[in-house]
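Working notes, beginning with the structure itself.
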Amino acid sequence: MSAMSVLFVGGSGIISTECVRRSLEVGHEVTVLNRGRSLLRQVPAGAEVLVGDIRDPSGASAALAGRDFDVVCQFVAFTPDQVAADAERFGGRVRQYVFVSSASAYQKPVGRVPIVESTPLRNPFWQYSRDKIACEDLLVGRYREDGFPVTIVRPSHTYDATSVPLTGGWTTVERMRRGLPVVVHGDGTSRWHLTHSVDFAHGFVGLLGHPQAIGEAFHITGEEALTWDHIYRELAAAAGNPEPELVHVASDAIASVVPEWGPGLVGDKAHTILFDNAKIRAVVPDFVARIPFSAGAREIVAWHDADPDRQATDPRSEEATEAILRRFG
């Protein structure tokens, strides 16, 4: 892979931080544009940091004045107007524009598995997913009309040490540690892919500057398809409780008590999801998801246990869990 100048818009999130790190490792000249507000993650050493908000046209123009890049990686665009502004800003100025979409955009309810990149995009349950689909539609239209060099990447559920991939977050882990019951959606047997951000970054950076990636969409996921019961138990075991009390409640029922949890459950996590990673492996042959969730769970718990401030629980999550248990437990 030849060295390139790469701009990351974002660059300090769960996914993007490791992508910046991997880009530096392979020798790219990396610039990060963000607002400089992240408290959890620092931009990896070696990257140039520009402080600015891509959604503020004048501020973004000032931060990027006179700068050109081979590749732009957009991690913080969520609506069509935001990617339309990028298409105008970077059109004719970059060799590749990588839009980070979401695997939640794939057809729900799931029509067939495994999911491949040509699986229809439709999610009537979650506005976030519908907005990502609209972004993709706009960018694909620009590619077809004037050759705008877009690559679409759809992460599934990607995590790092700071992020707990459970409804309720760290509060749920603490409840299991204390021996309290926790709520698992459905019957706990639906399957789900979790991807460590380090593994995701390996596949993502392999797409940068790759001519076969232009005009294409890729998902990048781990290979493990774990049941939700398994996922909860791995985190509980890492926290010192190998036999947590898991209470199974239908996703619709959970949403009836805690509406804000509904879209992510009914529109995504409630479904068994199996991905076929053949397309990313065909373009990035050395992509392998090496970090099993058993190791990731221990990493998550160790990170939280390293600092008492990280172990704070959310009273709203506690109250929501208790309300669900009172009604359905």
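Read the figures in this text as sums done on the coordinates, not as results from a lab. These numbers come from a predicted model, not from an experiment. Don't worry about glycine lacking a Cβ; one is built from the backbone with ideal geometry, like all the others, and counts go over all protein chains shown.
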Count of region 260-319 residues which are among the aliphatic types (A, V, I, L, M), within 22 Å of residue 191 (Cα to Cα) and not in a loop (DSSP other than H, G, I, E, B): 7
task: Go over the candidates 132, 108 one by one and state the one that is in a loop (DSSP other than H, G, I, E, B) and not hydrophobic (A, V, I, L, M, F, W, C).
output: 108
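Only one residue in 45, 87, 63 is out of contact with any Ser or Thr (no Cβ under 6 Å at 6 or more places or on another chain), among the aliphatic types (A, V, I, L, M) and assigned to a loop (DSSP other than H, G, I, E, B). Which one?
45
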message: Could you go through region 111-126 and let me know if any residue there is farther than 21 Å from residue 282 by Cα, outside any loop (DSSP other than H, G, I, E, B) and touching a residue at least 60 places away in the same chain (Cβ under 8 Å).
response: no
- prompt: Which condition breaks for residue 211 when tested against (1) more than 24 Å from residue 160 (Cβ to Cβ); (2) in contact (Cβ under 8 Å) with a residue 40 or more places away in the chain; (3) not small (Gly, Ala, Ser)?
  reply: (2)
query: If residue 47 satisfies every condition in (1) closer than 15 Å to residue 31 by Cβ; (2) of a type in the set (A, V, I, L, M, F, W, C); (3) in contact (Cβ under 8 Å) with a residue 40 or more places away in the chain; (4) touching a helix residue (DSSP H, G or I) at 6+ places or on another chain (Cβ under 8 Å) but one, which is the exception?
result: (3)
